[in-house]
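Visitor: Just dropping this structure here.
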Amino acid sequence: MGCCCGKSEEEKMMMDERNLTRQFLDPAHDAEVDGGRGDDSMMSTAQCEPRIETLTGKGGLPMIRLTHSSGSTCEVYLFGATITSYCTPQGKEVLFVSGRSQFNGKKAIRGGVPIVFPQFGQPDKAMPSHGFARIAHWSVDTKNSAIQPDRSVQVVLTMRDSAETFKVR
């Protein structure tokens, strides 16, 4: 997970571990982070250059890190098009990804924000649980992915036709 532009990967990892532990175990954490308001109204004064980075993530899987000019970040694995991290400009991680996720390109990433298609659960036993989209290898549509004029970032992901997609009619 990556938060806070300008921090090294090691600093971010240490911060992530502390924040996740405190977020779930320490009720005073939110009061300390946002002054007790229960929101992110304390905007960071730091501005970052917006960017879209293609990186190698856990398990050697390709991923994208989006950095907004506010300093917020989002990480998306191309395996399953799963958002695995979103950090506010203050560096607060707001998503949970299970430590049991294997990041092996075969089993779905557990947690984050997955694409669930074409089914929830497994009503059709011939199809993977929650559908095939969350275990498909997606690609970046480079023609439609860019830093926007308002300094926001946009990435469009695509999933190619496969034997699994042709089963859905």
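Visitor: Considering only protein heavy atoms, what is the solvent-accessible area of residue 150 at a probe of 1.4 Å, reported in Å² to the nearest 10?
Guide: Counting only protein heavy atoms, residue 150 exposes about 110 Å² to solvent.
Visitor: List the residues whose amide H sits under 5 Å from the amide H of residue 127, counting only those 5 or more places along or on another chain, with H placed 1.01 Å from N in the peptide plane.
Guide: So residue 127 has HN proximity to no qualifying residue.
Visitor: Are there trypsin sites (Lys or Arg not before Pro) in the stretch 82-142 that DSSP puts in a loop and that have at most 16 other Cβ atoms within 10 Å, and which ones?
Guide: 100, 106, 107, 110, 125
Visitor: Here's another thing I want to ask about it. Which FRET efficiency value, to the nearest 0.05, is calculated for residue 113 and residue 143 with the Förster distance at 25 angstrom and r the Cβ-Cβ distance?
Guide: After rounding to 0.05, the efficiency reads 0.55.
Visitor: Another question, if that's okay. Report the accessible area of residue 54, computed with a 1.4 Å probe over the heavy atoms of all protein chains in place, in Å² rounded to the nearest 10.
Guide: So the heavy atoms of residue 54 present about 110 Å² to solvent.
Visitor: Sticking with this structure for a sec: Amide H neighbours of residue 82 under 5 Å, counting only residues 5+ apart in sequence or on other chains, H built in-plane at 1.01 Å?
Guide: Amide H neighbours of residue 82: 77.
Visitor: Tell me, in nm to one decimal, what length is gained between residue 54 and residue 98 on full extension, where the rule is 0.36 nm per residue of separation less the Cα-Cα distance?
Guide: 13.6 nm
The values are calculated or read from the model by the stated rules, or taken from the named source; none is laboratory data. None of the values given here were measured: they were computed from a predicted structure. No Cβ is skipped: glycine too gets one built from the backbone with ideal geometry, and neighbour counts run over all protein chains shown. For the accessible areas, the whole protein counts, side chains as well, though only heavy atoms, and no ligand, DNA or RNA atoms are used. Shrake-Rupley method; radii C 1.70, N 1.55, O 1.52, S 1.80 Å.
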